[in-house]
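Read-outs: derived from the displayed coordinates by stated rules, not from any lab. Just so it is clear, the model here is predicted, and its values are computed rather than measured.
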Amino acid sequence: MRVVQARRTDTGAGTGSARRTSGQGATFRPATAGESQRTAGLRSGPGAVANLDAILSLQSVDDAQDRRRRAMSQGRKVLDLLEELKLGVLSGDVSEAKIVKLERMVETFESVDSDAGLQDVLLEIDLRARVELAKLKRSAA
């Protein structure tokens with residue numbers, strides 16, 4: 001589809017030539033009955049619904065940077081929990097709650113497709129956590 005002429009969507013009464021040069025900013029004035037009916041028609045209808053759909057779809061888009069940030073945060077948390085478990089093993093006091101928490105974190109580990117290096121590091125963290133869980137379950141049995 002080729003656009004031949006751009007249509008102006010502004011329904012304001014004034015033209016672009018009546019600009020303020022005094023620098024005082026906009027002033028408030030109540031709308032008249034004719035203006036309120038005209039602007040009410042602009043806010044409803046299929047165009048408003050389409051705009052709302054566009055906004056909602058933009059909000060649901062999962063940004064790659066956001067996924068990367070969440071995956072890095074999750075990797076740090078798993079490493080911190082592994083460190084706590086290591087200290088618990090050395091002191092002889094391994095918490096069952098920490099083991100369960102680590103199991104849940106490993107089950108919900110998030111992958112990042114956009115960064116191969118980060119994905120490799122996250123896979124190594126995941127593998128290390130699974131190995132430690134297997135060791136802890138074996139020693140508990």
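Restricting everything to alpha-carbon atoms, can you work out Rg to Rh for the range 64-140 with a Kirkwood hydrodynamic radius? The partial results should precede the final answer.
Numbers: Rg = 13.2 Å, Rh = 12.9 Å.
We get a ratio of 1.02 for the range 64-140.
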Segment ASP80-GLN119, extension gain: residue separation times 0.36 nm, minus the distance between their alpha carbons: 12.2 nm
Candidate aspartates and glutamates - alpha carbon under 13 Å from LYS77, same-chain residues fewer than 8 apart omitted: GLU103, GLU110, ASP126
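Could you give the length gained by full extension between SER139 and VAL89, i.e. 0.36 nm per residue of separation minus their alpha carbon distance, to one decimal place? If you can, show how the numbers build up before the last one.
Working: separation 50, 0.36 × 50 = 18.00 nm, distance 1.07 nm.
Extra length from SER139 to VAL89 when fully extended: 16.9 nm.
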Potential extension, LYS98-SER73 segment - 0.36 nm per residue separation minus Cα distance: 7.2 nm
